[in-house]
Amino acid sequence: MDRSQTHFPRSTISHTMRGHDWINNSLPDELIVEIFSHLKSKPTRDACSLVCRRWFRLERRTRTTLRIGATHLFLDLLPTRFTSLRNLYIDERLSIPLHLGRRRPADEDGDLESVCLSDAGLSSLGEGFPKLHRLGLIWCSNVSSDGLASLARKCTSLKALDLQGCYVGDQGMAAVGQCCKNLEDLNLRFCEGLTDSGLVELAVGVGKSLKSLGVAACAKITDISMEAVGSNCWSLETLSLDSEFIHNKGLLAVAQGCPTLKVLKLQCINVTDDALKAVGTSCLSLELLALYSFQRFTDKGLRAIGNGCKKLKNLTLIDCYFLSDKGLEAIATGCKELTHLEVNGCHNIGTLGIEYIGRSCQNLTELALLYCHRIGDVSLLEVGQGCKFLQVLHLVDCSSIGDDAMCSIASGCWNLKKLHIRRCYKIGNKGIIAVGKHCTSLTDLSIRFCDRVGDGALTAIAGGCSLHSLNVSGCHQIGDAGVISIARGCPQLCHLDVSVLRNLGDMAMAELGEHCTLLKEIVLSHCRKITDVGLTHLVKSCTMLESCQMVYCAGITSAGVATVVSSCPNIKKVLVEKWKVSQRTKRRAGSIIAYLCVDL
């Protein structure tokens, strides 16, 4: 029988040619929901929700976390669509689709305020999600104590509350203290309506459960509140204070009353060494200490921390002008478990202080030195010899650090994964070549405005490292040869900033387009030799490109901008001069185009 004349039933052809939806026809809702609950990545969940309407509906049932703009328009719909929601973050800074659900004219006065989250909306939220665990109300300016009190009475299982920028008062805070007995995490940054009365009532109400508290820019919060925290919040582990109205008295009370404190961040200009001595004496479990802009803090306080806080792992010192090498010596001697150190703008800390760290803190994994003009090569020689586990190094405006220091780091710290250098003019090819030779685990490299770094350094990096991110902005000696080496040697590159490179041209763009097909973000601004031709070669194969910045590129015209928009299906942001965007391009992709200089 001739096969060409064989006739099959239409149903057979349908199943054979078009396939069969075995999953949706075989699996019940409960099993698909269970599968979705094991997807931890948000992009993966989003992709699954777009497969079909059923998966879209079921995926929403498994969502436990949601972040939305501060609007009441959709609050009534949320409880029925997101039945498993436990964490909700509402941020007024996020855009609100005003055209949805609005029936009044767009030009009506007060229309924007009418859609922003209000007390009524917050009350409705409490009714819809009585089992809410974590709630963030970020800069929700229309929310007051009335709405917060109503929500607190309904969401008694609340564990974390972020009220940053909300003008709530004492009544709302007292209600939270009375109703939310499981509250563990509270952020009160920029809550200008709050006074000591409200925070005291809260401390009394949730003192047994509260573990984390953040207070910043609350002008009416004084030592009285901190004394209440010290008396009631015995389990407090994290405290962040930014206030000129808190003095030694308040911090002394916290130190003595909260012995389990592990994280302490302070920006209180009226706190002195006496308070830090109390922390060193009482908070023996302290693991992270960050001190910002201390004008009245000296080595005596840091010595107390070194003597008492033996578990300290993370230390940040920013603009602490009266600290010196002796203070760091005390930390190095007493805190052997230190893994992270940042010294920023502490002008009296020099080479000797970092030497102590290099000799004693062998577990150091991250070191950041910013605006430290007195720290020289010898300090990093000690770090290179003693800190074999160093993975991250930041150097910004350290004018006394040069190639010898980088060679020591490269030869001793083979585990280095991230190296960021900016305006360290003594560092040149020699130091970076050593990094390329020894630090084969390096994936993130940023060398900004280092005039002595050229193509030879990038050639060495390309030969020894598999970079995912590279920033060589303002390194004028780098041209096509160096970037071409990177393109050929680092095919995994995702983020690239080559802005302000005067000698970079189209040849490098062609090589990047051919070899770096995973590129997602590129910055070409101020590269005057790059033209539309190079841009065309770049985007030809870089279909995953999401962001392209190209302002002040004289060789790029409206045709080049149109090429980027039309050739990159995943593009989300294009930064360019306004006059380079044609009307056609604007109609096609106006929402993704940003203008740096609108008048050019």
Condition broken by Thr543, with the remaining ones in (1) in a helix (DSSP H, G or I); (2) closer than 22 Å to His468 by Cβ satisfied: (1)
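Checking the conditions here, which among Ser123, Ser145, Ser118 is crowded, with 18+ Cβ neighbours inside 10 Å and at pLDDT 95 or above? Break it down into steps so the answer makes sense when it comes.
Values: Ser123 fails: at pLDDT 95 or above; Ser118 fails: at pLDDT 95 or above.
Answer to the selection: Ser145.
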Residue identified as touching a Lys or Arg at 6+ places or on another chain (Cβ under 9 Å) and of a type in the set (Val, Ile, Thr) among Val561, Val533: Val561
Residue pairs, Cβ under 7 Å, 6 or more apart or interchain, first in segment 50-76 and under 17 Å from Asp91 (Cα atoms) and touching a residue at least 60 places away in the same chain (Cβ under 8 Å), second part of a helix (DSSP H, G or I) and open to solvent by 30 Å² or more (accessible area, probe 1.4 Å). List them. none
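Mind listing whichever residues of segment 61-97 are assigned to a loop (DSSP other than H, G, I, E, B), of a type outside the set (A, V, I, L, M) and either open to solvent by 60 Å² or more (accessible area, probe 1.4 Å) or modelled with pLDDT under 85 (or both)?
First, the residues of segment 61-97 that are assigned to a loop (DSSP other than H, G, I, E, B): 63-64, 70, 72-77, 82-86, 92-97.
Still in the list and also of a type outside the set (A, V, I, L, M): 63-64, 72, 74, 76, 82-84, 86, 92-93, 95, 97.
Residues satisfying the conditions are Thr64, His72, Phe74, Asp76, Thr83, Arg86, Arg93, Ser95, Pro97.
Just name the residue that is nearest to the chain's Cα centre (by Cα) out of those in segment 148-159 that are open to solvent by 10 Å² or more (accessible area, probe 1.4 Å) and over 12 Å from Ala175 (Cα atoms).
Of the residues in segment 148-159, the ones open to solvent by 10 Å² or more (accessible area, probe 1.4 Å) are 150, 153-154, 156-157, 159.
Within this subset, residues satisfying the condition of being over 12 Å from Ala175 (Cα atoms) are 157, 159.
Numbers: Ser157: 28, Lys159: 23 Å.
Of everything passing the filter in segment 148-159, Lys159 is nearest to the chain's Cα centre (by Cα).
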Residues that are open to solvent by 30 Å² or more (accessible area, probe 1.4 Å) and either out of contact with any helix residue (DSSP H, G or I) (no Cβ under 8 Å at 6 or more places or on another chain) or part of a loop (DSSP other than H, G, I, E, B) (or both), drawn from segment 498-536: Val500, Arg502, Thr517, Leu518, Lys520, Glu521, His526, Arg528, Lys529
Out of all the residues in segment 340-352, which are open to solvent by less than 30 Å² (accessible area, probe 1.4 Å) and touching a strand residue (DSSP E or B) at 6+ places or on another chain (Cβ under 8 Å)? Leu341, Val343, Asn344, Gly345, Cys346, Ile349
Single match in Ser399, Ser360, Ser408 (criterion: surrounded by fewer than 23 Cβ atoms within 10 Å (Cβ to Cβ), at pLDDT below 95 and of a type in the set (S, T, N, Q)): Ser399
Condition check for Gly456: assigned to a helix (DSSP H, G or I), open to solvent by 30 Å² or more (accessible area, probe 1.4 Å) and not β-branched (Val, Ile, Thr): yes
Under 29 Å from the mean Cα position of the chain (by Cα), open to solvent by 10 Å² or more (accessible area, probe 1.4 Å) and within 30 Å of Ser399 (Cα to Cα): does that describe His495? yes
When segment 46-60 is checked residue by residue, the ones that are buried (at least 18 other Cβ atoms within 10 Å of the Cβ) and among the basic types (Lys, Arg) are Arg60
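The values are calculated or read from the model by the stated rules, or taken from the named source; none is laboratory data. Just so it is clear, the structure is predicted and the values come from calculations on it, not from any experiment. Cβ: placed from backbone, ideal geometry, glycine included. Neighbour counts: every protein chain shown. The accessibility values were calculated without ligands, DNA or RNA, using every heavy atom of the protein model including side chains. Shrake-Rupley method; radii C 1.70, N 1.55, O 1.52, S 1.80 Å.
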